[in-house]
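The values are calculated or read from the model by the stated rules, or taken from the named source; none is laboratory data. Since this is a predicted model, take the numbers as computed values, not measurements. Note: ideal-geometry Cβ built from the backbone for every residue, glycine included; neighbour counts use all protein chains shown. With ligands, DNA and RNA removed, areas are computed over all heavy atoms of the protein, side chains included. Shrake-Rupley method; radii C 1.70, N 1.55, O 1.52, S 1.80 Å.
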Amino acid sequence: MSTISETVLVTGASGHLGKIILEELLKRGHNKIIATTRKPESLQDFAKRGVVVRKASFDDPASLLTAFQGADRVLIISTDNIGNRIEEHSNAVDAAVKSGAKRILYTSLTKADEVPVTFAFEHEGTEEKIKQSGLAYTILRNNMYSDYLIPKLQHAIASGSLYGSGGAGACAYVSRIDCAKAAAAALLSSETGNKILEISGPKVWTYAELAKFTSELVGISISYVDLPAEELSKALVGAGVPKPMADALASFDVSIREGYLKEVNSSAKDLIGEDLQDVSAILKENRSALVS
């Protein structure tokens, strides 16, 4: 059951992460929830269950200020609008301050102030904006989603090769659902003070280990092929991925190679109060999707 009586607000609530967070808040028995989205009609099922749904857009400060009224705690889910996120997130932080919120929470990137990911500076900039807001804050630095491995491994199964630039480096992948559970728990936490929490999965995986495990899971031989980051980016562009995203994906692999994503900690488990999903469980659950 919820341990606080305050009103919590979730931005971007119609997205994959946002909807899971709303479900977790309801499961925990909290009944003072505001959900903001560009498309309120997409959250009608939640509205029927008592969630207050309000229309708001990160590029419309006035809509944010109106939507944030009455919220004590605001969870800003980072947008996918790469290149504009500092401005958009700053609008949300300003709205939280002006509307009288007491705490800001933000879904950031693991080691945002040092990881060599192309867009890490946007998360670092948002974190600085939050720190300067004067409000109490909880920053959740999520590691790479294990869910993102599914399309990568689908291609590997089809081709027989898992391509990457991670070398022998490892990543502590964390599932989207565990990130959502951690965010919901943090929103409802009665702890005070400012917190920056690195959110990781329970185990690290190298690309070679992923190739081996997937081979055994689906009965198809897969080998890991390590490429320079520049070649990986070019290959992704050749496969139809826009260059900025291709460069970003390659930079995640550089981060893996250089050891930035290998930290395993208990932050998420401590928040949720249960064991986390490992990559192996995610892949087993999605075996049929991998070979389809």
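Across region 257-276, what is the number of residues that are touching a strand residue (DSSP E or B) at 6+ places or on another chain (Cβ under 8 Å), buried (at least 19 other Cβ atoms within 10 Å of the Cβ) and assigned to a loop (DSSP other than H, G, I, E, B)?
Looking only at that region, the number is 2.
Tell me which residues, restricted to region 90-134, are touching a helix residue (DSSP H, G or I) at 6+ places or on another chain (Cβ under 7 Å), in a loop (DSSP other than H, G, I, E, B) and farther than 18 Å from Phe68 by Cα.
Ala112, Asp113, Val115, Pro116, Val117, Thr118, Phe119
From the set of residues in region 34-64 that are in a helix (DSSP H, G or I) and acidic (Asp, Glu), which is farthest from Ala184 (Cα to Cα)?
Checked region 34-64; the qualifying residue farthest from Ala184 (Cα to Cα) is Glu41.
Which members of region 193-202 meet the condition of being open to solvent by 10 Å² or more (accessible area, probe 1.4 Å) and either part of a helix (DSSP H, G or I) or in contact with a helix residue (DSSP H, G or I) (Cβ under 7 Å, 6 or more places away or on another chain) (or both)?
Leu197, Glu198
Looking at region 264-292, I want the residues that are over 30 Å from Gly160 (Cβ atoms) and have a partner that is in a helix (DSSP H, G or I) and open to solvent by 70 Å² or more (accessible area, probe 1.4 Å) with Cβ atoms under 7 Å, at least 6 apart or on another chain. Which pairs are those?
Qualifying pairs under 7 Å: Asp275/Lys269; Leu276/Lys269.
Determine whether Leu261 is within 23 Å of Lys203 (Cβ to Cβ) and either touching a helix residue (DSSP H, G or I) at 6+ places or on another chain (Cβ under 6 Å) or of a type in the set (Val, Ile, Thr) (or both).
Yes: the conditions hold for Leu261.
Looking at region 126-154, I want the residues that are farther than 16 Å from Ser175 by Cβ and touching a residue at least 60 places away in the same chain (Cβ under 8 Å) and have a partner that is among the hydrophobic types (A, V, I, L, M, F, W, C) and crowded, with 16+ Cβ neighbours inside 10 Å with Cβ atoms under 8 Å, at least 6 apart or on another chain. Which pairs are those?
Glu127/Ala112; Glu127/Ile139; Glu127/Ile196; Gln154/Leu290
Out of (1) farther than 16 Å from Ser267 by Cβ; (2) among the small types (Gly, Ala, Ser); (3) crowded, with 24+ Cβ neighbours inside 10 Å, what's the single condition that is false for Ser190?
In the conditions (1) farther than 16 Å from Ser267 by Cβ; (2) among the small types (Gly, Ala, Ser); (3) crowded, with 24+ Cβ neighbours inside 10 Å, Ser190 misses (3) alone.
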